[in-house]
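Read the structure below first, then the notes.
Here, each number is a calculation from the coordinates, and none is a lab measurement. Quick caveat, the model's predicted, so the values are computed rather than measured. Neighbour counts are summed over all protein chains in view; Cβ atoms, including those assigned to glycine, are modelled from backbone coordinates with ideal geometry.
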Amino acid sequence: MKSLVDHILPVKVSSDNLILSKFSLYNFNITLLIVVLFSCLTFGQNVKSTIQQSKDSQRSSMILNLSEQVKWPNIDNFTTFNIGVLATSNIANNLLKTSANRRIYNKLIDVKKINELENVLSYHVLYVSATYEYLLKDILTKAEGNNILVITEGYPVNSAMINMVYVEDSYSYNINRMHFRKANLTLSRTLASYAVTPKEIDDNLFKKTEEKLSIVSKENDKQKEIIKNQIKTIGTQIDYLNEKNEALIEKEDSITSLFLEGEQMSKRITEKINKERLNEQKIAEQINQIKFQNDKINAINKKIEDQQKILKVQTQNIYEKTTILENKNIIIDTQRKYNTILSILSTLLFIACVSLLIAYTNIKKLTYCLKSQHKEINKQSKQLNSKNKELEQFAYITSHDLQEPLNTISSFIDILKEEYASKFDEEGKQMMGFVKEGSVRMKKLIDALLQYSRLGRNNIYANVDCLTLMDALTLDLQSVIKSTNAEITYENLPTIRGNEVELRLLFQNLITNGIKFRALNTTPKILITCKKVVEEGEGLNNNQTNWVFAVKDNGIGIAEEYQNKVFAIFQRLHSRLDYEGSGIGLAHCKKIVEAHSGKIWFTSQKNEGTIFYFSIPTNI
């Protein structure tokens, strides 16, 4: 109430007198009534303005915070951190104001509003509002390979690198990893973990709508109550202001006396200022004397430096002459050594000629033996290939033909359960359940055998981008990943030659094994890496270049006594009650890798996790 009185009855103070602005009591009461009613009417507008200011502030902070969670490969080369804004001037000005006291990677932040795509490559971050949706495709194209982060607001899900959504009076965001990789940018694990999905956005919007309806209803009731209370208090406020008017008149005399005392204090301060100026003149004279002495010291130091340069030149001349003498002594010693070496070489040359003659005779004999052995090996190889094909065809036909009687058994079991279940006792029902469970397990084993027999038949290879393959695979495994809170990390995976379907099955089996075989209350963590390795060999395989992949997990590991059984078909190391499966997944992996002319192996210790390695040749 005191601040309201001070605005309505302003007091003007001068060196001559104090003038109290006066209003008639009647006019004052009318003015006060108008102010109260106007404040009630504009209450809603002020609330709306406050919400808009909060949204603008949150938007600016969110843009800066998201930029800090992205890693640029050339960040050390930045002089300033440039942010371009494709939005209204209000958004650009608010972002500029917020970034004034901020740093990103210890770099000053430069915010500019842009209208077109000119000079877009000079910015590190681009913020795009929904108004510029028609430019988004061109912006993402320009960002590819140029380390530019694109942040949008109000766009469809996964349409840009980072898309901001205003939900529940705060901002959320979703990300698109593919656009990050195309722009050669790396997002932090924290940024990825707090991103939201489309379903979460829809749920939050519905919840926000319900809360806003409740808040609006409550605020309307509160505003009606406030208006009633303010009208009741107008009468008491008028009485209070009348009393305040009389008190202000009494204070006029005390303010006049205080003004006179202030003039006396001003005279005293002027005298002190004059004394300080005299002291400043004396200090300036002392500074000039110190500068003169420093000039003398600098001149002496310069003479000393000139003398030191002369000494360095003389020392260098002595060193050069000493080096020439040492070089001459070395040349003389070298000529002596050459004479000794020549005599030794002539003796060795004679011995080498005799050895070559003997070796030539032995090589002719060995060449004849190798040719005969090579013919025998080719013959055996053809026989093995034909037998392998016969075995694969037999496994395919056998597993395929076994499906029909097994399906018949399974259907009859279902008929027995439906038609005659009431005639069986508890033991009979339990036996029927065992038979049904056995037939289902048998069907799974036959399907696994059929799939195993088909592997390696498709020799049509193409370029396979392992990063794109892993993105699609992790998307298909989302239900398993979310139910186990698994963390799957992969980076720097190459493009290789191979069969995409079989390679996808290879990665899927290794990842699901790492998730399945884990200890209780343990979060699965799987890391997939790759590097190019040159392996030394002989003959046609000399210096073979391979892609060597490593799939590391933190599971229960493999005991040493079972490690020679891992890749055998239908070999289970654990009970079905502990871990599900048919025992053929790693046999699939071995057959797929060998079909791609590679090798698969692993290192493991019990309760310390396992690392599976497999190699794929680069020239397959």
inquiry  = Just to check I understand the Karplus step: with θ = phi - 60° and J = 6.51 cos²θ - 1.76 cosθ + 1.60, what whole-Hz values come out for segment 55-61, glycine and proline as x?
reply    = 5, 4, 5, 5, 4, 5, 5
note = Length gained, GLN264-LYS337, 0.36 nm per residue minus C-alpha separation, equals 15.8 nm
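With only alpha-carbon pairs counted, each pair once and no self-pairs, how large is the Kirkwood hydrodynamic radius of segment 455-520 in angstroms?
On the way: mean 1/r = 0.0766 Å⁻¹.
Computed over Cα pairs of segment 455-520, the Kirkwood hydrodynamic radius comes out at 13.1 Å.
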inquiry  = Just to check I understand the Karplus step: with θ = phi - 60° and J = 6.51 cos²θ - 1.76 cosθ + 1.60, what whole-Hz values come out for segment 423-428, glycine and proline as x?
reply    = 8, 8, 7, 5, 5, x
request  = Return the long-range amide H neighbours of GLY555 (sequence gap of 5 or more, or a different chain), with a cut-off of under 5 Å between placed amide H atoms.
outcome  = GLY609, THR610
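Out of all DSSP beta bridges with both ends in segment 55-196, state the antiparallel percent to the nearest 5. List each step's numbers first, then the result.
On the way: 9 of 26 bridges.
Roughly 35 percent of the DSSP beta bridges within segment 55-196 come out antiparallel.
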remark   = For GLU535 and THR233, extending 7 Å from Cα along the Cα-Cβ vector and measuring point to point gives, in nm, a value of 8.6
key: Estimated distance in nm for a label pair at GLU225 and ALA472, the labels positioned 7 Å out from Cα along Cα-to-Cβ   = 6.2
message = List the residues, sorted by chain then number, that are 5 or more residues from GLY154 or on another chain and whose placed amide H is less than 5 Å from its amide H.
response = MET164
ask   = To the nearest 0.05, how large is the calculated FRET efficiency for THR186 and GLU561 if R₀ is 56 Å and r is the Cβ-Cβ distance?
value = 0.85
key: Among 346-358, 413-425, the order from most to least packed when residues are scored by Cβ within 10 Å on average   = 413-425, 346-358
request  = Taking 7 Å along the Cα-to-C-beta vector as the label spot, tell me the ARG103-ASN362 distance in nanometres, rounded to one decimal.
outcome  = 7.2
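Of the peptides 77-88, 265-276, 473-484, 149-160, how do they stack up when ordered by the mean number of other Cβ atoms within 10 Å, highest first?
Numbers: 77-88: 17.5, 265-276: 8.2, 473-484: 13.0, 149-160: 19.0.
So the peptides 77-88, 265-276, 473-484, 149-160, ranked by packing, come out 149-160, 77-88, 473-484, 265-276.
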key: Interchain or long-range residues, amide H under 5 Å from LEU149's placed H   = VAL125, LEU126
In Å, descending, principal axis extents of the Cα set of segment 459-620 = 49, 35, 26
key: Sites LYS291 and GLN69, calculated FRET efficiency, Cβ-Cβ separation with R0 35 Å, nearest 0.05   = 0.05
task = Be a star and scan segment 502-525 for residues whose amide nitrogen sits under 18 Å from the point 7 Å along the Cα-to-Cβ vector of GLN605.
result = 519
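Just want the ordering: ARG59, ARG103, from fewest to most Cβ atoms lying within 10 Å of their own Cβ. Walk me through the numbers before you get to the answer.
Details: ARG59 21, ARG103 12.
Ascending number of Cβ neighbours within 10 Å: ARG103, ARG59.
Starting with the fewest neighbours, write out VAL440, VAL464, VAL534 ranked by other beta-carbon atoms found within 10 Å of each beta-carbon. Please list the in-between numbers first.
Values: VAL440 13, VAL464 19, VAL534 10.
Least crowded to most crowded, the residues run VAL534, VAL440, VAL464.
Relative to the Cα centre, what is the charge dipole magnitude of segment 459-620, using +1 at the beta carbon of each Lys and Arg, -1 at the beta carbon of each Asp and Glu, and rounding to the nearest 20 debye? Write down the numbers at each step before the final one.
Numbers: 16 positive and 17 negative charges, 62 e Å.
Roughly 300 debye for segment 459-620.
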note = Using the Kirkwood formula on alpha carbons, the hydrodynamic radius of segment 55-196 in angstrom works out to 15.0
